[in-house]
Amino acid sequence: MFKKIFFVTALLLASLLSAKPVVIASIAPVGYLAKAVGGDKIEVQSLAKGDVHSYEPKPNDMKAVAKASLFIAAGLEFEEAWIPRFKASAKNLVVVQSDAKIAKLKEEHSGHSGHDEEHAGHDEEHGEHKAKDDKHSGYAGHAAKDKHADHKVKDDKHAGHAGHAEHDEKHEAHEEHDEEHEAHADPHVWLNPMLAITMARNISDALIDMDKANKDFYLKNFQKLMNDLLAFDESAKNELAGLKNRKFVVYHPAWGYFAKHYDLEQISIERNGKEPKIDEMASTVKMIKDENIKVIFADPNRSQKSAQVLASQTGAKVELLDPLGYNLLENLKIAVRAIKDANSPK
C-alpha cells in the first residue's frame, strides 16, 4: 500500500514539474508570435476572437487566465478594464506589453490613412534612430545580455538584417508622442512586420525572465522568426513596388501601419467606429468610381453590409482580409497578394 501511494505521489510530482508554463495572449496574432518564440516549452492560449472592441471574457477564459504564468497584452482597449481582474484571479500572473517601445499612429476612422502628416514626421527622423543606439537591437539585444560569445550579433550571419530591422522599426515607431495622439491610438501594430519583430522581442524577453533555463531556446526561435519576417518584408516591398494605384478600400481601418510601411493609402468605409451615413456612403461611392477601385476589403470579424452595398453600387467585388487571424505571417502574405491583385491592371 505504501509503495502504491509513493508511486502515485511521484507521478503527480513529476507531472507538476514537467508542466509547461501557460501563456495567455490577448489576441490570436500575438499568440502566434508567442508560440513562434516559445515553441514546445510553453502552452499558449489566445483570448479575444472576432470583434475585440466588444470582447468580454467567458468563464473558460477566466479559468485559463487563473492557471497562467504570463499574460501578453497588445495595447487593446479591453485590456485596460480586464487586466486588473485577471491579476486578481491569478496572483502570480506577470503582464507584459508586447507593444512596448512602439509609438502609435492616430486611429483613422474618417477615411484616409497612409499618406498623412505623420508620414513626413517619421521620414524626418529616419536617420536619427540608429540600431547601434538601441541596446535591444534585434538579436543583438539578447546577445548583449548573454555572457556566451556565440550569442553576439557580430558572429551571426544575419547581423546585418538585425540592424536593418531595428533601423526600419525605429523609423516606423519613434518614442516621442503626445497625449492627444495616444488618446486615439491605433492598436493594430502587429500588421507591420517591423513592429511585429519588436513585439516578438518583447515576448522573448518576458519568456526569458520567466524561464531562464531555456534562454538559448527562446533566442534561437526569436532569431528565426525575425529572419522570416525580414524575408517577407523584402519580398512584400518588391511585390508592391510597381503599383501605380496605391489606394485600397477597407471596411474597418485596421491596416494603417501596414499601409504606411508599404507606402499605400488605406481608405476606410467605417466612420468613427460606426456605419457610414447616407451622405458619406454617396461620397465613398463617387470616390470608388473615380479611383477605379475594383475590390472592397471587408473584415470577417465585423458586419459586411456596407461593403456589399458599396460593391453593388460601384461594380467592385468584396474580399476578406482578417487583421486578427492567428497565422500572422501567412495573413500578411495574403494581404500583399490581395492588394497587389486588386490594384494591378486587368
Exercise. What percentage of the solvent-accessible surface of region 181-256, computed with a 1.4 Å probe over protein heavy atoms, is contributed by carbon and sulfur atoms?
Worked result: 51
Exercise. Relative contact order for region 264-346: what is it in percent, counting Cα pairs under 8 Å that are at least 6 residues apart?
Worked result: 25
Problem set entry | FRET efficiency for Ala231 and Asp263, using Cβ-Cβ distance with R0 set to 25 Å, rounded to 0.05 | 0.80
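Counting other C-beta atoms within 10 Å, and keeping those with at most 15, which DSSP coil trypsin sites (Lys or Arg not before Pro) do you find in region 247-324?
Answer in residue order: Lys277.
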Exercise. If R0 is 22 Å, what FRET efficiency do you get for Glu56 and Lys274 from their C-beta distance, rounded to 0.05?
Worked result: 0.60
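Could you work out what % of the accessible surface of region 52-107 is carbon and sulfur, using a 1.4 angstrom probe and leaving DNA, RNA and ligands out of the count?
Details: 1510 of 2990 Å².
After summing per-atom areas, the C and S share lands at 51 percent.
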Problem set entry | Solvent-accessible heavy-atom area per residue, rounded to whole Å², over region 294-344 at 1.4 Å | 44
Exercise. Tell me, what ³J(HN,Hα) does each residue in region 318-330 have, in order and in whole Hz, if you take phi through Karplus 6.51 cos²θ - 1.76 cosθ + 1.60 with θ = phi - 60° and put x for Gly and Pro?
Worked result: 9, 10, 9, 10, 9, x, 10, x, 4, 7, 4, 4, 5
Problem set entry | Residue-normalised accessible area of region 27-81, expressed per residue, 1.4 Å probe, Å² | 44
Exercise. Any idea how far apart Asn92 and Ser283 come out in nm if each label point goes 7 Å out from Cα toward Cβ?
Worked result: 5.6
Seminar exercise, completed: Label model pair Arg85, Lys333: point-to-point distance (7 angstrom along the Cα→beta-carbon line) in nm is 3.8
Exercise. What FRET efficiency would be calculated for the residue pair Lys220, Ala66, taking the C-beta separation as r and a Förster radius of 22 Å, to the nearest 0.05?
Worked result: 0.10
Exercise. How large is the accessible surface per residue of region 184-245, computed with a 1.4 Å probe and reported in Å² as a whole number?
Worked result: 36
Exercise. Once the Cα atoms of region 236-346 are picked out, what are the Rg and Dmax in Å?
Worked result: 13.3, 39
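The values are calculated or read from the model by the stated rules, or taken from the named source; none is laboratory data. What you are looking at is a predicted structure, and each value in this text was computed from that prediction instead of being measured. Ideal geometry is used to build each Cβ from the backbone, glycine not excepted, and the neighbour counts take in all protein chains shown. We work out accessible area using only protein heavy atoms, side chains counted, and drop any ligands, DNA or RNA first. Shrake-Rupley method; radii C 1.70, N 1.55, O 1.52, S 1.80 Å.
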